[in-house]
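Undergrad: Can you read through this structure? Questions will come right after.
The values are calculated or read from the model by the stated rules, or taken from the named source; none is laboratory data. Computed from a predicted structure; not experimentally measured. Please note: Cβ atoms are built from the backbone with ideal geometry, for glycine as well, and neighbour counts cover all protein chains shown. These area figures cover heavy atoms from the full protein model, side chains too; ligands, DNA and RNA do not enter into them. Shrake-Rupley method; radii C 1.70, N 1.55, O 1.52, S 1.80 Å.
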Amino acid sequence: MILITGAGGQIGTVLAKALRKKHGADQVLTTDIRHNDLAGQFFEILDVTDGVRLLELVKEYNITQIYHLASILSAKGEKHPIPTWEINMGTLLNVLEVASKTGIEKVFYPSSIAIYGSETNLTLGPQFGAQLPTTVYGISKVAGELWCDYYFKHFGVDVRSVRLPGIIGSGTLPGGGTTDYAVEIYHSAVQGKVFECYISEDEKMPMMYMKDAMRAILQLMGAPSKDIKIRQSYNIASMSFSPKEIYASIKKVLPDFELVYKPDFRDRIAKSWPDEIDDSRAREDWGWQPKYDLDAMTKVMLDSLSKQYLIK
Ligand code: SER
């Protein structure tokens with residue numbers, strides 16, 4: 001059975017559905033620190049900083065795979081640096097420890113474009129090379145990647161990871177990230193509201209449509225172990241755009257949509273991340289290939305959100 005931590009979050013909610021579809025509803029245990037309506041057939045409250053409780057659940061449900069999504073993201077993390085470090089690192093170490101002690105078959109760990117910092121190549125973030133993040137979230141992801149590699153090498157834990165860019169989907173809202181604007185902008189557009197953008201107009205960040213992110217995670221986790229040659233984390237890329245570009249993409253469909261720029265501290269975080277990242281290793285090693293570009297994503301986002309707001 002599969003255990004998902006942080007299953008009530010933006011990615012966890014969608015991933016739980018995808019894993020239920022793939023493996024069967026009775027094969028997925030969703031967990032989170034609080035109950036949520038989308039929780040499926042099997043749900044348990046779990047604060048992953050509690051390693052004893054994690055171990056209990058792994059034994060009780062005969063867990064063989066863990067998808068560890070619980071984390072504090074980049075923008076929220078800057079408001080609470082020490083708790084963010086403790087939560088992000090403590091939970092990962094609990095997952096890796098439990099995995100090594102109980103012989104869990106596979107672990108998924110999402111890393112992030114936040115591992116980069118202003119000293120890196122900010123045009124095309126490399127797979128390997130200087131990683132000098134400026135946020136606590138980024139620091140925890142760099143350390144997290146290294147711990148994953150350590151547990152693979154020393155204890156044989158089959159842990160796999162991708163560095164996710166900003167993820168955009170219509171079904172769930174992100175919380176506490178720097179890339180969140182790229183989801184919120186679509187909600188404003190379909191509601192006919194003027195969007196206040198906290199990122200400056202030319203600041204590009206790597207982004208990805210949710211469906212591509214799901215395919216990446218399932219493909220990585222389904223690949224033969226011998227094909228996973230990088231045990232820190234793989235760069236995966238799809239599209240990259242600035243607020244000006246996503247605004248223009250939406251305006252092609254909704255010409256009256258308006259936006260004003262009010263950059264805040266999140267713009268500084270965005271400026272410390274690369275515009276694009278080099279994902280050639282993921283393409284070579286396990287066949288990563290994105291499907292959606294900006295305009296294709298805009299179309300499905302606006303279609304789907306228009307229906308949602310009509311129903312409401
Ligand atoms: N979406 C994340 C954030 O903005 C990046 O991993 O924090």
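Undergrad: Mind telling me which of the residues 222, 287 ends up being at positive phi and surrounded by fewer than 16 Cβ atoms within 10 Å (Cβ to Cβ)?
TA: 287
Undergrad: Another question, if that's okay. Only residues that are under 20 Å from the mean Cα position of the chain (by Cα), away from the ligand (no atom under 13 Å from the Cβ) and either without any contact (Cβ under 8 Å) to a residue 40 or more places away in the chain or open to solvent by 10 Å² or more (accessible area, probe 1.4 Å) (or both): list them for the stretch 145-167, please.
TA: 146, 147, 149, 158
Undergrad: For the stretch 265-280, enumerate the residues that are open to solvent by 50 Å² or more (accessible area, probe 1.4 Å) and either over 26 Å from residue 203 (Cα atoms) or within 14 Å of the ligand (Cβ to nearest atom) (or both).
TA: Those that are open to solvent by 50 Å² or more (accessible area, probe 1.4 Å) and either over 26 Å from residue 203 (Cα atoms) or within 14 Å of the ligand (Cβ to nearest atom) (or both): 265, 266, 268, 271.
Undergrad: Between a residue in the stretch 89-117 that is farther than 14 Å from residue 156 by Cα and at pLDDT below 95 and any residue that is of a type in the set (Ser, Thr, Tyr) and within 16 Å of the ligand (Cβ to nearest atom), which pairs come within a Cβ distance under 6 Å, given they are 6 or more apart or on different chains?
TA: Listed pairs, sorted by first residue: 117/134; 117/272.
Undergrad: So, one more: Just give me the residues in the stretch 168-188 being more than 10 Å from the ligand (Cβ to nearest atom), among the small types (Gly, Ala, Ser) and open to solvent by 10 Å² or more (accessible area, probe 1.4 Å), in sequence order.
TA: Selection gives 170, 171, 188.
Undergrad: For the stretch 231-256, name all the residues that are surrounded by fewer than 20 Cβ atoms within 10 Å (Cβ to Cβ) and among the aliphatic types (A, V, I, L, M).
TA: Those that are surrounded by fewer than 20 Cβ atoms within 10 Å (Cβ to Cβ) and among the aliphatic types (A, V, I, L, M): 248, 253, 254.
Undergrad: Please go through the stretch 290-312 and give me each residue that is surrounded by 19 or more Cβ atoms within 10 Å (Cβ to Cβ) and either in contact with a Pro (Cβ under 9 Å, 6 or more places away or on another chain) or among the aromatic types (Phe, Trp, Tyr) (or both), ordered by number.
TA: Scanning the stretch 290-312 gives a single hit, 292.
Undergrad: Here is a follow-up. When only residues in the stretch 161-192 that are in contact with a strand residue (DSSP E or B) (Cβ under 9 Å, 6 or more places away or on another chain) and assigned to a loop (DSSP other than H, G, I, E, B) count, which is nearest to residue 14 (Cα to Cα)?
TA: Looking at residues that are in contact with a strand residue (DSSP E or B) (Cβ under 9 Å, 6 or more places away or on another chain) and assigned to a loop (DSSP other than H, G, I, E, B), I get 169.
Undergrad: Give me a count of the residues in the stretch 113-139 that are open to solvent by 60 Å² or more (accessible area, probe 1.4 Å) and of a type in the set (Val, Ile, Thr).
TA: 3
Undergrad: Here's a follow-up. Limited to the stretch 256-279, what total is found for residues that are part of a loop (DSSP other than H, G, I, E, B) and either over 28 Å from residue 191 (Cα atoms) or of a type in the set (Phe, Trp, Tyr) (or both)?
TA: Total satisfying the criteria: 7.
Undergrad: Among (1) open to solvent by less than 20 Å² (accessible area, probe 1.4 Å); (2) of a type outside the set (Ser, Thr, Tyr); (3) within 13 Å of the ligand (Cβ to nearest atom); (4) part of a helix (DSSP H, G or I), there is one condition residue 142 misses while meeting the rest; what is its number?
TA: Of the numbered conditions (1) open to solvent by less than 20 Å² (accessible area, probe 1.4 Å); (2) of a type outside the set (Ser, Thr, Tyr); (3) within 13 Å of the ligand (Cβ to nearest atom); (4) part of a helix (DSSP H, G or I), the odd one out for residue 142 is (1).
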